[in-house]
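Let me begin by presenting the structure, written as structure tokens, before commenting on it.
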Amino acid sequence: MTASILGTYVWSIGLIAWFIIRYPYARKARRTATVRAVGWSRERILLAVATLGLFVAPMIWLVTGWPAVLNYKLNYAAVVVGALLFALSLWLFRRSHKDLGRQWSASLEIRDGHQIVRAGVYRLIRHPMYSSFWLWALAQAFLLPNAMAALSGLVAVAILFFTRIDHEERMLIEAFGDDYRAYMRETKRIIPGIY
């Protein structure tokens, strides 16, 4: 099996694992009332952009081979790095969901009984789910042997993160005030000790 084929298998398995991880938490979250939601239409657009870059563009390439002109060969070292990044992404994604519990939502929402979570991975970073998406996008860049499919995730996650993060933190400051400001001083956004 070539490294390029192995990379696409690893990416596909990671994608399936992502859906398996997300499903039970999405079901539980739907049962918890939303107290406040921010930017509904902007949220839908940003989530569509993320889906396009992390799922649709790679699947178009995987199913049709288009655009073949952007194909290249992978080496096994890239696949190993990509697999490790995807594994770390999935672990962080699951851990984030588990630590948030019913407070998780796909869009910017404050849930009934919402509290600031400071346990688990949230004691180190405020937005580990974004960290997991960045890791997924990096993994995709290492695993898929097509420039469009490989890089679409990084572009999509950058758009999602940089368009959304300030709105999210403002919403949390409005909901929790000085308590959230103190939490911001204690933690970094997505990389422990750095950013």
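The numbers here are math on the coordinates, done by the rules we state, and not lab data. Computed from a predicted structure; not experimentally measured. Neighbour counts run over all protein chains shown; Cβ positions are idealised from the backbone, glycine included.
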TODO: Only helical DSSP H runs with n ≥ 4 go in: add -39500 (n - 2.57) per run for the chain, normalise by residue count and round the 222 nm mean residue ellipticity to 500 deg cm²/dmol.
DONE: -22500 deg cm²/dmol
Task: Proxy reagent accessibility, fewest Cβ within 10 Å first, across ASP179, ASP99, ASP166 - done: ASP166, ASP179, ASP99
- [ ] Using packing as a proxy for protection, rank 22-31, 77-86 so that the peptide with the highest average count of other Cβ atoms within 10 Å comes first.
- [x] 77-86, 22-31
Open item on the list: Can you compute the modelled spin-label distance between ASP166 and LEU88, with each label point 7 Å from Cα toward Cβ, in nm?
Closed with: 2.9 nm
Task: Label point 7 Å beyond Cα of GLU186 along Cβ direction - residues of the range 113-142 with amide nitrogen under 18 Å - done: 114-129
Task: the chain, relative contact order in percent, only Cα pairs under 8 angstrom and at least six apart counted - done: 32 percent
Task: Gained length - ILE20 relative to ALA147, 0.36 nm times residue gap less alpha-carbon distance - done: 43.0 nm
Task: About the Cα centre, charge dipole magnitude for the range 48-164 (Lys/Arg +1, Asp/Glu -1 at Cβ), debye - done: 340 debye
Task: Neighbour cut-off at most 10 other Cβ (10 Å), DSSP loop, trypsin sites (Lys or Arg not before Pro), the range 69-136 - done: LYS73
Task: Rg [Å, one decimal], Dmax [Å, integer] - the chain, C-alpha atoms - done: 17.5, 55
- [ ] Give, rounded to the nearest 20 debye, the magnitude of the charge dipole that the chain has about its Cα centre when Lys and Arg contribute +1 at Cβ and Asp and Glu contribute -1 at Cβ.
- [x] 440 debye
Task: the range 150-195 versus the range 1-52: alpha-carbon centroid distance in Å - done: 18 Å
TODO: Please find the FRET efficiency linking VAL63 to THR2, where r is the Cβ-Cβ separation and R0 is fixed at 25 Å, and quote it to the nearest 0.05.
DONE: 0.85
Task: Length released on extending from SER107 to ARG27, taking residue separation times 0.36 nm less the Cα-Cα span - done: 27.4 nm
- [ ] Scan the chain and note any complete DSSP helix (H) whose C-alpha atoms cover at least 27 Å along its axis and whose Kyte-Doolittle average is -1.0 or more.
- [x] 3-30, 76-100, 147-176
